[in-house]
Amino acid sequence: MPSTAKRTKSASSSKKKTAKATQFKLPKKYPISFNVNGEKVETETYAHTSLLYLLRDLGFTEVKNGCEAGDCGACTILFDDVAANACCILGVQADGRDIETVKGIGTIDNLHPIQEKFIEHGAIQCGFCTPGMIVSAKELLDKNPKPTREEIKAGIAGNLCRCTGYVKIIDAIEAASKIKPSKKGK
């Protein structure tokens, strides 16, 4: 009989532990402010939310979700003028920073020369990698206006493309580098 009493007591205490374990408190949201493509954004985000998800939730769907591990480059943005994978940055880290997506580089009515050359050279196939490729190419050409083909390959090394085989992308970036700086716009 004593063993039955112990089992009952154990069952009763495990119910109490379960009740405590099911109490859930929402995590805190943090207010942040940053610029995207020259426009100020003020929002709140959880400490664990990636910049990729934050941007997409705010409507910046040109920042593509590929791998969520920093391997594919589909989510490449300019983070204070440095190409970075948005999936590897926490949203709270954007506070006070400047972010540029592919939409900040050029518009349908005013394409950036890199965008023009991607179209002219057929460097766009399915288009999934294109925003990240263009952002990486922009950072490269801003830092090195006349890169060699090897430097172009190194500049886009963090971006994966399954469709083009990279030759057309490299050709497009090389062609964009030959345009006079005054026409490059931003």
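Counting other beta carbons within 10 Å of each residue's own, what order do 63, 102, 82 fall into, fewest first?
82, 102, 63
Which net charge results for the neighbourhood of residue 159, defined as the other residues with beta-carbon distances under 13 angstrom from its beta-carbon, given Lys and Arg at +1 and Asp and Glu at -1?
With Lys, Arg at +1 and Asp, Glu at -1, the net is +2.
For a 22 Å ceiling on Cα separation, which of these pairs sit above it: 64/103; 64/138; 103/138?
Check vs 22 Å cut-off fails for no pair.
For the stretch 99-109, take each phi angle, set θ = phi - 60°, evaluate the Karplus expression 6.51 cos²θ - 1.76 cosθ + 1.60, and give the result in whole Hz per residue in order, putting x for glycine and proline.
With coefficients 6.51, -1.76 and 1.60, one gets 10, 10, 9, 4, 5, x, 7, x, 10, 4, 7 Hz.
What does the charge count around residue 62 come to, taking other residues whose C-beta lies under 13 Å from its C-beta (Lys +1, Arg +1, Asp -1, Glu -1)?
Here the charged neighbours net out to +2.
Mind listing the phi-derived Karplus ³J(HN,Hα) values for the stretch 48-59, rounded to whole Hz, using 6.51, -1.76 and 1.60 with θ = phi - 60°, and x for any glycine or proline?
Each residue of the stretch 48-59 in turn: 8, 7, 6, 4, 4, 5, 4, 4, 5, 5, 8, x Hz.
So how far apart, in nm, are the two label points at residue 166 and residue 151 if each is 7 Å from Cα heading toward Cβ?
Spacing of the two 7 Å Cα→Cβ label points: 1.8 nm.
Can you give the net charge of the other residues whose Cβ lies under 14 Å from the Cβ of residue 124, counting K and R as +1 and D and E as -1?
Net local charge, residue 124 excluded: 0.
Values in this text are rule-based calculations from the coordinates and carry no lab data. The structure displayed is predicted, hence computed values, not measured ones. We place every Cβ from the backbone using ideal geometry, glycine too, and count neighbours over all the protein chains shown.
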